[in-house]
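First comes the structure, then the notes that go with it.
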Amino acid sequence: MSSILRRSDYEDYLVHVYFGRIDDPMQACLRRAYLDFNRTLRDIAKLENNISHKATKVLKEMFALIQETNAPAPKQFDEWHRSSCDRLKATYRECGYTRFSVGHAQKWLNMTIKYIFVLGEARLPGFAHLYDLCHVPLDNILMDRLRADFGFQPLPCAWSKLDDYEIYVDRQQWVRNHFPLAPLDAEFCLWIGRPVSTTKWP
């Protein structure tokens, strides 16, 4: 007997395994991205556990803003990104947690963005026009590959302790300038071991 399942059904299965139930796709992306970095939030358990809920609400508001922006320029996207990082840091600080860094903020933002595109336009519409502008998530795996193969300058500290946005955005600009691909395309290729050319497209 032949299967009644389609290729998209198997894709739905993988999405369900990784993200859980997706009644709210944006919430699913934010939650999954939070799990990618929350182990680096030292001593966070000593504080009330609703900080992440407050921060998630802030991020939902920020993503709604950029989603509604029609064809933003790179500078406009970068300003939104910096403002989002600032608001995240302020939210944690107001709740008594002062260790939340630019490194934490960028990881949460950038992994959420990556997961938005993993889910795709059909599940979470309204972000496709931002793809070329998006930043790559800076973490040890990506930076080690960039450094070994392309001479990427290491951060002056662990990514989770980075608290200077100018250093952060300098590394993002390096990625934008170094590859002929959209930054997230380059990051994807590096993650799966596909060769990445540094020659600019004509």
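Before moving on, here are some points about what is shown:
- Using θ = phi - 60° and Karplus 6.51 cos²θ - 1.76 cosθ + 1.60, couplings along region 24-29 (whole Hz; Gly, Pro as x): 10, x, 5, 4, 5, 5
- Each residue of region 95-101 is assigned a 3J(HN,Hα), and the resulting list reads 8, x, 10, 9, 8, 6, 10 Hz, derived from the Karplus form 6.51 cos²θ - 1.76 cosθ + 1.60 (θ = phi - 60°), x at Gly and Pro.
- Using a probe of 1.4 angstrom and keeping all protein chains present, the accessible surface of region 1-143 works out to 54 square angstrom per residue.
- Tensor-based shape of region 1-113 (alpha-carbon gyration tensor, a/c under 1.5 rounded, otherwise prolate or oblate): oblate
- Taking the average, over residues, of other Cβ atoms within 10 Å as the packing measure, peptides 142-154, 126-138 rank 126-138, 142-154 from highest down.
- Portion, in percent, of the accessible area of the chain that falls on carbon or sulfur, probe 1.4 Å: 53
- An oblate overall shape is assigned to region 79-202, the ratio a/c of its alpha-carbon gyration tensor axes (a ≥ b ≥ c) being 1.5 or greater and a/b not exceeding b/c.
The values are calculated or read from the model by the stated rules, or taken from the named source; none is laboratory data. Computed from a predicted structure; not experimentally measured. All Cβ positions, glycine included, derive from the backbone under ideal geometry; neighbour counts span all protein chains shown. Note: areas computed on protein heavy atoms with side chains; ligands, DNA, RNA excluded. Shrake-Rupley method; radii C 1.70, N 1.55, O 1.52, S 1.80 Å.
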